[in-house]
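**Student:** One structure coming up, written as structure tokens, with questions to follow.
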């Protein structure tokens, strides 16, 4: 899998050494409140399984998902992924640890993944689903030239409840 570098961050594959950082971040309710695939509380054992799944996914052909750790100053700060990769499009998902909020890290990570997606993967469309209350996520998408395409009612299930989501996309 590719390692991507930008001015302030490195995007790299998950390593087994990331388990503790993943565990600590996913036990912060503020981090996972807008994630549908993570249940609270999160265990270290689940973090290890998560990383093994990420590593296994990275080896599959054809590539359907690419998952990066976001690293800044040699510290694990979050993650960004492309999933449901199809002929011309993919879904982008991301999160960053609370200690690293409002530092421009996610804006830079999204820009890096957008460039990689359009130039290297030759995709023409990236899209993201965003919880209505997740204003920070909307902000970083807009900074990266994503446009709101609509409101998806009862689109996902979070903690046993249907949630509405916005759909944002960027076209090459």
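**Student:** So is residue 149 surrounded by fewer than 14 Cβ atoms within 10 Å (Cβ to Cβ) and not in a loop (DSSP other than H, G, I, E, B) or not?
**Tutor:** Yes; evaluated as a whole, the condition is true for this residue.
**Student:** Right, here's the next one. Looking at (1) part of a helix (DSSP H, G or I); (2) modelled with pLDDT under 95; (3) buried (at least 16 other Cβ atoms within 10 Å of the Cβ), which one does residue 138 not meet, given that it meets all the others?
**Tutor:** Exception for residue 138: condition (2).
**Student:** May I ask you to verify whether residue 50 is buried (at least 16 other Cβ atoms within 10 Å of the Cβ) and farther than 25 Å from residue 170 by Cα?
**Tutor:** yes
**Student:** Within region 26-46, identify whether any single residue is touching a strand residue (DSSP E or B) at 6+ places or on another chain (Cβ under 9 Å), modelled with pLDDT under 95, more than 30 Å from residue 164 (Cβ to Cβ) and not in a loop (DSSP other than H, G, I, E, B), and answer yes or no.
**Tutor:** There is no residue in region 26-46 that is touching a strand residue (DSSP E or B) at 6+ places or on another chain (Cβ under 9 Å), modelled with pLDDT under 95, more than 30 Å from residue 164 (Cβ to Cβ) and not in a loop (DSSP other than H, G, I, E, B).
The values are calculated or read from the model by the stated rules, or taken from the named source; none is laboratory data. No experiment lies behind these values; they were computed from the predicted model shown. Positions of Cβ are backbone-derived with ideal geometry, glycine not excepted, and every protein chain shown enters the neighbour counts.
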